[in-house]
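Q: Here you go, one structure.
Just so it is clear, none of the values below were taken in a lab; they were calculated from the coordinates. What you see is a predicted model, and the numbers here were worked out from it, not measured in a lab. Note that each Cβ is placed from the backbone with ideal geometry, even for glycine, and that neighbours are counted across all protein chains shown.
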Amino acid sequence: MNNRANQRHEEHHAIQYFCIFDRMLIFVAEMFSLRSLAVGEVILGLLQNFQRPRLSSLMYRDSSVKMPAAPLPDNEAERLKALADYNILDTLPEEAFDDLTALAAYICEAPIAIISLVDNDRQWFKSKIGLKARETPRDWSFCAHAILQPEDILVVPNAIKDDRFINNPLVKGNPKIRFYAGVPLVTPNGFAIGTLCVFDTTPRCLSYQQLDALRRLSRQAIAQMELIQEVRNRKQASLTDELTGLHNRRGFFLMAEQQLKIAHRMKTLSWVIFIDLDGLKQINDTLGHDMGDALIVDAARLLKQSFRNSDIVARLGGDEFIVFVSSYFKDADSIQGHLQANITNFNQQQNRSYELSMSMGIERCSPESNMSLEQLIARSDELMYAHKRLKQQSIRQGE
């Protein structure tokens, strides 16, 4: 008991400290704003991003604040995956979503309107009108309750008369929420990933027409997310090799050009590795093209596993692959040795009717080099053919 009492005592003093510090920073910001509006806004922005989340965290941990958290949906794991698949969390504001929240606020005559996405332990706001916070803990979230009934609109006429929300920090403290109406954002597969919602600081209700408009706007929010995802997928598809899932030629040039510029700017070493599969034509002729495709897929998987996620691995077409690597290999021999060890390990562990073999050419690009990406590729291609000829000569001599 004494430990819990001491903790509450310490947190109470911490909250008092942050409140005093908060007021001091606001005073300083206001003084600066008299001289420079931009400086004042910067200080206020720092205050919002640094100070207030810590104060909110302390208030949230205060054991005197007791409220029932919303239970998790039965399909929570699938729901979170559906949300993650949109790649929308922590993205920048977008006008299309801001238009929807503005319309929701106008139609419902509400001071606050939000597109809220319910993540694992937080609700994050893709768009917001009348609220400064970018996210709040999930346990504070009205929307976490709304997503439990994807087909319905959750309406809370008066939060201080609702046992679920009477002790909610957003009700007890600023912005002193009293009214809430939220329509679940439901994906085409039926997962409620968030809401389009409106708040007010006075108890109230919405008309049937307002509720209907809110539902229609929620469908537009999901439609916009689907459109963005479709555009992203099409763009990704245009840069991806269909068979292996690696970057294709276009994707490699686009990504590698950027990485080469960064390497020059940061004065770091980089490498271009041109790779040709040995014996693909023979496998196609003797075992069939399906087995040849399996060889290509195995090679792609091995190359992807042999390098970091930040390195660029691509299939140029046919039996040709290419890799752009930044900095961490000391010389070409170490790269070749690394790849050859992985190839040997693959052939020993996998039960295949063929053996994986690669010829490779490795070109170094030093920080002071002025070689273009095309020149690096041409040079590594020449080195690859020299390596292949050397291997063929060695085979003939051994016969």
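Q: Using a simple spin-label model with points 7 Å from Cα along the Cα→Cβ vector, what separation in nm is obtained for ARG250 and ASN189?
A: It is 2.7 nm.
Q: With the crude spin-label approximation of a point 7 Å out along Cα→Cβ, what separation in nm comes out for ARG134 versus HIS289?
A: 5.0 nm
Q: Still on this model: Spelling out what I want: for every residue of the stretch 282-293, take phi, set θ = phi - 60°, compute 6.51 cos²θ - 1.76 cosθ + 1.60 (Karplus), and round to whole Hz; glycine and proline get x.
A: 3J(HN,Hα) across the stretch 282-293, in whole Hz: 5, 5, 4, 6, 9, 10, x, 5, 4, 5, x, 5.
Q: For the peptides 77-84, 120-127, 270-277, what is the packing order when you average, over each peptide's residues, the other Cβ atoms within 10 Å and list the highest mean first?
A: Going by the mean number of other Cβ atoms within 10 Å, highest first, we get 270-277, 120-127, 77-84.
Q: Now for a separate question. I'd like the FRET efficiency for ARG265 and LEU92, computed as 1/(1 + (r/R0)^6) with the beta carbon distance as r and R0 of 25 Å, rounded to 0.05.
A: With a Förster radius of 25 Å, E is 0.55.
Q: Follow-up question, since we're still on this one. Would you mind calculating the gained length between ARG232 and GLU368 on full extension (0.36 nm times residue separation, minus the Cα-Cα distance), in nm to one decimal?
A: Going from the current span to full extension adds 45.4 nm.
Q: Applying 1/(1 + (r/R0)^6) with R0 = 56 Å to the Cβ-Cβ distance of THR202 and LEU243, what FRET efficiency is obtained, to the nearest 0.05?
A: So, using R0 = 56 Å, E works out to roughly 0.40.
Q: List the residues whose amide H sits under 5 Å from the amide H of LEU269, counting only those 5 or more places along or on another chain, with H placed 1.01 Å from N in the peptide plane.
A: Those qualifying (amide H under 5 Å, at least 5 residues apart or on another chain) are SER327.
Q: Of LYS132/LYS172; LYS132/LYS176; LYS128/LYS176; LYS81/LYS126; LYS126/LYS235; LYS235/LYS281, which ones are farther than 21 Å apart at the Cα?
A: LYS126/LYS235; LYS235/LYS281
Q: List the trypsin sites (Lys or Arg not before Pro) in the stretch 322-399 that DSSP assigns to loop (not H, G, I, E or B) and whose Cβ has at most 16 other Cβ atoms within 10 Å. Which are they?
A: Of the trypsin sites (Lys or Arg not before Pro), the ones in loops of the stretch 322-399 whose Cβ has at most 16 other Cβ atoms within 10 Å are LYS330, ARG352.
Q: On to the next question. Given +1 on the Cβ of Lys and Arg, -1 on the Cβ of Asp and Glu, and no further charges, what dipole in debye does the stretch 224-357 carry about its Cα centre, rounded to the nearest 20?
A: Computed charge dipole of the stretch 224-357: roughly 740 debye.
Q: Would you mind checking which residues have amide H under 5 Å from GLY194's amide H? H placed 1.01 Å from N; only 5 or more apart, or other chain.
A: It is VAL118, LEU185, by chain and number.
Q: Could I have the simple spin-label model distance between ASP99 and GLU355, label points 7 Å from Cα toward Cβ, reported in nm to one decimal?
A: Simple spin-label model gives 6.3 nm for this pair.
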